[in-house]
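Take a look at the structure set out below.
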Amino acid sequence: MAKTKFLLPESAIPERWYNIQADLPNAPQPILHPGTGEPIGPDDLAPLFPMELIGQEVSHDAEIAIPEAIRDVYRLWRPTPLYRAHRLEQALGTKARIFYKYEGVSPAGSHKPNTAVAQAYYVKQEGRTRISTETGAGQWGSALALACRLFELECKVYMVKVSYEQKPYRRSMMQTWGAEVVPSPSEDTQAGRAILEELPDTPGSLGIAISEAVEDAATREDTAYSLGSVLNHVLMHQTVIGQEALAQMEQAGAFPDLIAGCVGGGSNFAGLAFPFVREKIAGREIDILACEPEACPTLTRGPFAYDFGDTSQLTPLVPMHTLGHDFVPAGIHAGGLRYHGVAPLISQLVLDGMVRAEAYPQTEVFASAVQFARSEGIIPAPEAAHAIHGVVRAAAAADEEGREPTILFNLSGHGHFDLSAYDAYFSGKLEDFALPEEEIERALQAIEPLPKPAIRA
Ligand SMILES: Cc1ncc(COP(=O)(O)O)c(C=O)c1O
């Protein structure tokens with residue numbers, strides 16, 4: 001019988017996170033203070049983040065020990081399973097060997113608790129009692145609500161208004177774990193009130209919600225801010241995924257020729273890919289593919305530039321691929337991929353040719369998601385379905401060229417709270433949004449006055 005699941009014992013939960021900053025061929029450029037244009041220091045970040053996380057953000061140690069209290073919470077769902085997708089391979093009629101790492105087994109249903117738990121732990125350690133954050137479709141908010149519950153912290157979530165209205169069950173989930181959830185823009189912050197005055201009917205955006213959550217934390221001593229993606233320390237916390245996958249692939253007697261993951265801010269992609277990028281830097285040949293939506297094509301069409309992380313320009317300037325901080329992506333169903341930027345570490349790897357990117361229209365993505373659900377059983381989150389689609393395409397291309405690659409992708413979450421998107425697909429109401437070049441050019445005018453990163457040849 002062909003083996004399907006590759007499982008590890010609890011004792012194999014990684015003891016250290018992998019910090020790719022130690023190994024990057026080209027170090028990322030500094031994050032800048034928007035007022036002075038100078039690199040920011042720990043003191044600039046201290047009102048928002050605990051010192052331990054600020055230290056991790058700038059650390060160049062290759063490995064950072066995971067405190068036992070965090071590993072203890074990870075035991076609730078880690079190690080996560082790695083599957084060989086025999087049935088998908090059969091359905092595709094491909095000679096490629098396809099494996100996936102499934103992060104949907106966490107209580108919140110995605111990879112996001114891997115960092116939420118770590119962040120809540122360090123906030124608690126430092127003596128703060130409350131965390132503020134933003135959430136789009138609710139995956140991140142529910143992960144942080146869970147983590148705050150486990151470490152007895154208060155949690156305030158600014159949820160993008162359109163999702164707040166359309167996804168009541170994610171909201172209920174956050175409330176079950178004790179979080180306070182408000183639609184963003186809200187009346188609770190200056191940033192929210194200003195936007196409501198100008199645009200009372202706005203559906204909100206991740207950039208706006210970040211402005212609110214940052215302001216909340218910056219104006220209260222008891223509160224830290226927490227971000228679910230993009231930052232170096234967040235990506236590092238996710239590397240438990242790739243470290244486990246390395247051991248599981250070894251169990252399977254295989255090593256990937258291609259690694260794929262979807263990219264919103266970049267955390268699940270980095271989580272799986274970075275431990276393999278370490279192997280690539282050491283000389284192994286691996287093709288590493290980032291999958292994004294055509295409606296928000298940050299890596300494939302956005303320039304590498306300095307930009308704000310949020311709409312109201314409250315955050316520092318981050319060197320990254322970006323579509324401009326006031327770009328509001330079309331209302332596609334992969335809410336977690338609707339962000340104007342991508343993590344600096346991934347942006348740098350794309351710039352250096354270590355990682356490549358592709359963008360797909362959502363109707364094709366859902367066709368692959370349904371094919372996956374009908375063969376493997378798991379109903380994927382629309383975000384994760386982008387990785388599935390990337391793999392389906394790569395397998396077809398390999399068959400055409402007579403190659404038989406081993407492929408590994410990250411199935412970052414299940415889609416049980418996204419069935420309205422599947423409904424829209426089945427009833428033919430799902431639309432593709434090709435993004436006109438003029439709209440990108442318009443949005444990028446907002447970053448014209450900002451400092452420019454040095455582009456190395
Ligand atoms: C299941 C799932 N996958 C992927 C993402 C995209 O985020 P990131 O790129 O940080 O992994 C999200 C974001 O909410 C998500 O919920």
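The values are calculated or read from the model by the stated rules, or taken from the named source; none is laboratory data. Bear in mind that the values here come from a model prediction, so they are computed numbers and not experimental data. Here the Cβ positions follow ideal geometry from the backbone for every residue, glycine too, while neighbour counts run over all protein chains shown. These accessible areas exclude ligands, DNA and RNA; they are computed on the full protein's heavy atoms, side chains included. Shrake-Rupley method; radii C 1.70, N 1.55, O 1.52, S 1.80 Å.
Below, the figures for the structure above:
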| read-out | value |
| --- | --- |
| Residue list for region 64-80, filter: in contact with a helix residue (DSSP H, G or I) (Cβ under 8 Å, 6 or more places away or on another chain) and either open to solvent by less than 50 Å² (accessible area, probe 1.4 Å) or at pLDDT below 95 (or both) | 64, 66, 67, 69, 70, 73, 74, 77, 78, 79, 80 |
| Candidate set from region 186-207 (those that are within 16 Å of the ligand (Cβ to nearest atom) and not in a loop (DSSP other than H, G, I, E, B)); member that is most open to solvent (accessible area, probe 1.4 Å) | 206 |
| Criterion: closer than 30 Å to residue 165 by Cα, out of contact with any strand residue (DSSP E or B) (no Cβ under 8 Å at 6 or more places or on another chain), polar (S, T, N, Q) and away from the ligand (no atom under 16 Å from the Cβ) - qualifying residue of 313, 238 | 313 |
| Test: residue in region 241-257 that is in contact with a His (Cβ under 6 Å, 6 or more places away or on another chain) and either within 16 Å of the ligand (Cβ to nearest atom) or aliphatic (A, V, I, L, M) (or both) | no |
| Residues that are open to solvent by less than 40 Å² (accessible area, probe 1.4 Å), in a helix (DSSP H, G or I) and either closer than 16 Å to residue 214 by Cα or touching a residue at least 60 places away in the same chain (Cβ under 8 Å) (or both), drawn from region 35-63 | 45, 53, 54, 56, 57 |
| Members of region 361-414 found to be among the acidic types (Asp, Glu) and open to solvent by less than 40 Å² (accessible area, probe 1.4 Å), listed by number | 376, 383 |
| Scan of region 318-333 for residues that are over 13 Å from residue 206 (Cα atoms), within 16 Å of the ligand (Cβ to nearest atom) and either open to solvent by less than 30 Å² (accessible area, probe 1.4 Å) or not in a loop (DSSP other than H, G, I, E, B) (or both), ordered by number | 318, 320, 321, 322, 323, 332 |
| Region 287-310, subset of a type in the set (A, V, I, L, M, F, W, C) and farther than 22 Å from residue 159 by Cα, residue farthest from the ligand (Cβ to nearest atom) | 305 |
| Residues of region 383-423 satisfying the condition of being in a helix (DSSP H, G or I) and more than 27 Å from residue 243 (Cβ to Cβ) | 393, 396, 397, 399, 400, 401, 419, 420, 421, 422, 423 |
| Count of region 237-274 residues which are touching a Ser or Thr at 6+ places or on another chain (Cβ under 6 Å) and not in a loop (DSSP other than H, G, I, E, B) | 5 |
| Test for residue 215: is it assigned to a helix (DSSP H, G or I), surrounded by 22 or more Cβ atoms within 10 Å (Cβ to Cβ) and away from the ligand (no atom under 16 Å from the Cβ) | no |
| Of all residues making up region 122-149, the number that are within 16 Å of the ligand (Cβ to nearest atom) and assigned to a strand (DSSP E or B) | 3 |
| Residue count, region 334-349 (criterion: within 20 Å of residue 236 (Cα to Cα), touching a strand residue (DSSP E or B) at 6+ places or on another chain (Cβ under 6 Å) and either outside any strand (DSSP E or B) or open to solvent by 30 Å² or more (accessible area, probe 1.4 Å) (or both)) | 4 |
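Each row is one residue, and each column tells you yes or no for (1) more than 25 Å from residue 382 (Cα to Cα); (2) in contact with an Asp or Glu (Cβ under 7 Å, 6 or more places away or on another chain).
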| residue | (1), (2) |
| --- | --- |
| 287 | no, yes |
| 303 | yes, no |
| 319 | yes, no |
| 336 | no, yes |
| 344 | no, no |
| 348 | yes, no |
| 355 | no, no |
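Residues are listed down the side, and each one gets a yes or a no for (1) of a type in the set (A, V, I, L, M); (2) modelled with pLDDT under 95; (3) out of contact with any strand residue (DSSP E or B) (no Cβ under 7 Å at 6 or more places or on another chain):
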| site | (1), (2), (3) |
| --- | --- |
| 207 | no, yes, yes |
| 212 | no, no, no |
| 252 | yes, no, no |
| 262 | no, no, no |
| 267 | no, no, yes |
| 274 | no, no, no |
